[in-house]
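**Q** Here it is, the structure, as structure tokens.
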Amino acid sequence: MKKPANILVKVYTAAILVIIPLIAAAFFTPPDFPMLLRQMLLCAWGVGATLVAERLLFSQTWRQSWRVVGFAQARRPAIVVALLASLPMWFFLPFLGWFQRVPIHLQPNWLALWVGIILLNGITEEVIHRGFVFGHLQNEFSFVWAATLSALLFAAQHLYLLLSLGWASALASVLLAAMLAFPLAYSYARSGNALGGPAILHTSSNAPMIILALPPNFSATALLPYMGMVLVSIYLVFVFDKFSAQAVGEAVTAMHF
């Protein structure tokens with residue numbers, strides 16, 4: 001078996017074994033189980049199991065394993081770009097509510113919800129899909145192929161939504177996950193193979209719909225437009241990154257003269 005194919009099999013197999021318990025938790029966690037504790041346990045499993053897989057399959061030391069899956073200082077420009085691209089996602093629902101004269105407030109337990117989203121979506125899923133899967137595939141394939149192969153697995157993880165949401169919303173979520181994998185992978189690479197950029201983007205794409213108290217009718221009608229806004233917003237990383245790189249280049253050129 002050629003090396004790229006061998007790496008793909010190893011990465012996919014390990015990632016799937018890590019992901020299965022995360023999906024199972026959506027169906028088998030007792031309704032009265034504390035949400036934040038649940039997210040903490042899933043984060044511990046997801047990150048811990050990924051680190052074990054990294055250490056057993058690829059890295060020589062535990063310290064190297066942490067670095068390889070993305071626990072490193074992210075480059076500052078990538079963080080700024082991620083923050084800028086996240087702004088529309090945070091403002092869309094409050095603005096839409098204001099425009100439609102629908103009262104929108106924070107959930108009473110918004111802080112616990114937000115921390116849980118950071119732990120599970122921002123850290124755990126990014127460690128698995130960007131740090132481990134894309135991180136290794138980019139060493140064997142072009143960016144487009146590595147991002148595409150990681151997108152397939154990222155989308156597959158969301159297929160369980162077909163059992164819990166309406167088919168239209170679930171299918172849109174799966175397609176959205178596949179399409180978001182490209183800018184998230186790009187942000188990871190531009191962050192210096194670090195979690196900072198994609199963790200901000202991923203958290204911002206999930207948090208507003210969860211931490212805001214939305215009336216049921218408003219939530220149902222706003223879901224698909226919100227997904228569209230998320231897609232457009234995260235793809236802004238390509239635009240903002242281009243302009244930031246151009247600005248830095250112009251500044252360096254000016255200093256030389």
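The values are calculated or read from the model by the stated rules, or taken from the named source; none is laboratory data. Keep in mind that this is a model prediction, so the values were computed, not measured. Cβ coordinates were reconstructed from backbone atoms using ideal geometry, including for glycine residues, and neighbour counts include every protein chain displayed.
**Q** Do you know which of the residues in the stretch 126-145 that are aliphatic (A, V, I, L, M) and closer than 20 Å to residue 238 by Cβ is surrounded by the most Cβ atoms within 10 Å (Cβ to Cβ)?
**A** Step by step, filter the stretch 126-145, then rank; the result is 137.
To keep it simple, each residue is scored yes or no on (1) assigned to a helix (DSSP H, G or I); (2) among the polar types (S, T, N, Q); (3) closer than 20 Å to residue 186 by Cα.
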| site | (1), (2), (3) |
| --- | --- |
| 10 | yes, no, no |
| 21 | yes, no, no |
| 30 | no, no, no |
| 42 | yes, no, no |
| 49 | yes, no, no |
| 84 | yes, no, yes |
| 94 | yes, no, no |
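**Q** While we're looking at this one, here's another question. Can you pull out every residue in the stretch 130-155 that is of a type in the set (Phe, Trp, Tyr) and over 20 Å from residue 196 (Cα atoms)?
**A** 141, 145
**Q** List pairs: first residue in the stretch 18-39 and more than 13 Å from residue 164 (Cβ to Cβ), second residue assigned to a loop (DSSP other than H, G, I, E, B) anywhere in the structure, Cβ distance under 6 angstrom, at least six positions apart or on different chains.
**A** As it stands, the answer is 38/29, since those pairs meet every condition given.
**Q** Does the stretch 216-230 contain any residue that is of a type in the set (A, V, I, L, M), under 27 Å from residue 20 (Cβ atoms) and at pLDDT 95 or above?
**A** yes
**Q** Checking residue 124 against (1) of a type in the set (S, T, N, Q); (2) assigned to a loop (DSSP other than H, G, I, E, B); (3) in contact with a Cys (Cβ under 7 Å, 6 or more places away or on another chain), which test does it fail?
**A** Status for residue 124: all satisfied but (2).
**Q** Can you say whether residue 97 is under 24 Å from residue 48 (Cβ atoms), of a type in the set (Gly, Ala, Ser) and in contact with a Leu (Cβ under 9 Å, 6 or more places away or on another chain), as far as the supplied structure shows?
**A** no
**Q** On to the next question. Under 7 Å by Cβ, and 6 or more places apart or on different chains, what pairs join a residue from the stretch 107-126 that is closer than 17 Å to residue 199 by Cα with one that is at pLDDT 95 or above and in a loop (DSSP other than H, G, I, E, B)?
**A** Pairs found: 113/107; 123/195; 126/70; 126/195.
**Q** Restricting to the stretch 59-86, give me the number of residues that are farther than 14 Å from residue 199 by Cα, surrounded by fewer than 16 Cβ atoms within 10 Å (Cβ to Cβ) and of a type outside the set (Lys, Arg).
**A** The total comes to 4.
**Q** If a residue has to be acidic (Asp, Glu) and within 17 Å of the chain's Cα centre (by Cα) to count, how many in the stretch 110-142 make the cut?
**A** 2
**Q** Check off (1) surrounded by fewer than 11 Cβ atoms within 10 Å (Cβ to Cβ); (2) farther than 26 Å from residue 141 by Cβ for residue 5 and give me the number that stays unchecked.
**A** (2)
**Q** Can I ask one more? Could you count how many residues in the stretch 93-102 are farther than 13 Å from residue 219 by Cβ and not charged (D, E, K, R)?
**A** Result for the stretch 93-102: 4.
**Q** Right, something else. Report whether or not residue 104 is surrounded by 14 or more Cβ atoms within 10 Å (Cβ to Cβ) and in contact with a Ser or Thr (Cβ under 9 Å, 6 or more places away or on another chain).
**A** no
**Q** Hey, another quick one. Taking residue 88, is it in a helix (DSSP H, G or I), touching a residue at least 12 places away in the same chain (Cβ under 8 Å) and within 18 Å of the chain's Cα centre (by Cα)?
**A** Yes, satisfied.
**Q** From (1) surrounded by 15 or more Cβ atoms within 10 Å (Cβ to Cβ); (2) under 23 Å from residue 209 (Cβ atoms), pick out the condition that doesn't hold for residue 98.
**A** Here residue 98 clears every test but (1).
**Q** Does residue 167 qualify as being among the aromatic types (Phe, Trp, Tyr) and either in contact with a Pro (Cβ under 9 Å, 6 or more places away or on another chain) or surrounded by 14 or more Cβ atoms within 10 Å (Cβ to Cβ) (or both)?
**A** Answer is no for this residue.
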